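The values are calculated or read from the model by the stated rules, or taken from the named source; none is laboratory data. In this text the structure is predicted, and so the values were computed from the model without any measurement. With ideal geometry, Cβ positions are generated from the backbone for all residues, glycine too; neighbour counts draw on all protein chains shown.
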């Protein structure tokens with residue numbers, strides 16, 4: 001990087017004007033099992049360990065690509081990942097396309113600030129209606145996902161779908177989904193469906209179990225749904241109809257289940 005894109009005056013000037021530039025070691029973030037084992041031994045000799053639960057650290061861990069040794073991430077002040085670039089892939093793409101590295105890198109930075117979310121499109125499923133899968137159980141009652149949504153033509157739906165498996169909760173519970181929109185312009189709408197419901201591509205989602213519509217850019221929305229027995233749900237995320245068609249934004253969803261006490265548990269609690 002230092003001998004390549006960071007030796008270009010245009011890139012340096014753009015970085016200094018628009019960003020706070022930092023780097024974090026993969027070792028400190030315990031990115032692989034070997035690094036986790038190393039840090040577990042090293043932490044005994046440290047007066048202060050790196051806080052992997054800090055919002056910045058969590059944004060970095062959500063944005064990196066598996067098996068990539070180095071990632072460049074653009075992160076908003078609200079800790080939304082606005083762009084991600086695995087550098088090995090970046091150099092390979094520049095070599096394949098013949099685009100100068102400094103030009104390609106500068107475009108990545110500009111697209112990130114423009115809310116175009118570079119690096120997200122490659123991870124969005126286009127061949128399958130299910131893009132992400134979350135499995136919740138008694139040991140792991142909460143998971144977080146980060147993805148993008150697109151704005152459809154007015155009156156239509158273009159869902160990014162998250163499958164939510166709650167079958168481990170045989171006695172039911174309350175499904176809670178806390179959604180935070182990214183800082184790009186488009187707002188988002190979210191609909192929760194049963195697994196066997198065919199997701200609509202046009203009109204209002206009348207078969208949705210519950211919804212959170214028109215969450216503005218940078219704002220928070222919530223979905224709560226009580227279920228009597230464990231099952232699989234589908235969460236559909238799409239841009240609001242009042243955005244420009246094809247515009248995209250990121251969303252971060254914290255998905256959790258609060259289980260119900262069964263009758264024997266209640267009796268034990270009373271005893």
Open item on the list: Among the residues that make up segment 82-101, is at least one of them outside the structural domain of residue 254 (by TED's automatic domain parsing), loosely packed, with under 14 Cβ neighbours inside 10 Å and touching a residue at least 40 places away in the same chain (Cβ under 8 Å)?
Closed with: no
Got at least one residue in segment 190-211 being touching a residue at least 12 places away in the same chain (Cβ under 8 Å), crowded, with 16+ Cβ neighbours inside 10 Å and in contact with a helix residue (DSSP H, G or I) (Cβ under 8 Å, 6 or more places away or on another chain)? no
Checking 159, 154 in turn, the sole residue that is touching a residue at least 60 places away in the same chain (Cβ under 8 Å) and crowded, with 16+ Cβ neighbours inside 10 Å turns out to be 159
If we ask which residues in segment 2-18 are loosely packed, with under 12 Cβ neighbours inside 10 Å and in a loop (DSSP other than H, G, I, E, B), their number turns out to be 2
Quick one: would you say residue 139 is assigned by TED's automatic domain parsing to the domain that holds residue 248, out of contact with any strand residue (DSSP E or B) (no Cβ under 7 Å at 6 or more places or on another chain) and at pLDDT below 95?
yes
The residue that is nearest to the chain's Cα centre (by Cα), considering only those in segment 237-249 that are within 14 Å of residue 221 (Cα to Cα) and surrounded by 23 or more Cβ atoms within 10 Å (Cβ to Cβ), is 237
Among (1) loosely packed, with under 14 Cβ neighbours inside 10 Å; (2) more than 28 Å from residue 251 (Cβ to Cβ), residue 21 falls short only on (2)
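Checking the structure you have, find out if any residue of segment 111-120 is assigned to a helix (DSSP H, G or I), at pLDDT 90 or above and either touching a helix residue (DSSP H, G or I) at 6+ places or on another chain (Cβ under 9 Å) or farther than 22 Å from residue 24 by Cβ (or both).
Taking every residue of segment 111-120 in turn, none turns out to be assigned to a helix (DSSP H, G or I), at pLDDT 90 or above and either touching a helix residue (DSSP H, G or I) at 6+ places or on another chain (Cβ under 9 Å) or farther than 22 Å from residue 24 by Cβ (or both).
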Taking segment 32-72 and keeping only residues that are within 30 Å of residue 106 (Cα to Cα), assigned to a loop (DSSP other than H, G, I, E, B) and either touching a helix residue (DSSP H, G or I) at 6+ places or on another chain (Cβ under 8 Å) or at pLDDT 85 or above (or both), one is left with 52, 65, 68, 69, 70
Residue 53 passes all but one of the listed conditions (1) under 24 Å from residue 143 (Cα atoms); (2) surrounded by 11 or more Cβ atoms within 10 Å (Cβ to Cβ); the exception is number (2)
Residue pairs within 7 Å by beta carbon, gap of at least six or interchain, first lying in segment 34-60 and farther than 28 Å from residue 254 by Cα, second modelled with pLDDT of 80 or more and surrounded by 11 or more Cβ atoms within 10 Å (Cβ to Cβ), listed first then second, are 38/27
Conditions (1) surrounded by 16 or more Cβ atoms within 10 Å (Cβ to Cβ); (2) touching a residue at least 24 places away in the same chain (Cβ under 8 Å); (3) under 25 Å from residue 186 (Cα atoms) -> residue 73 fails only (2)
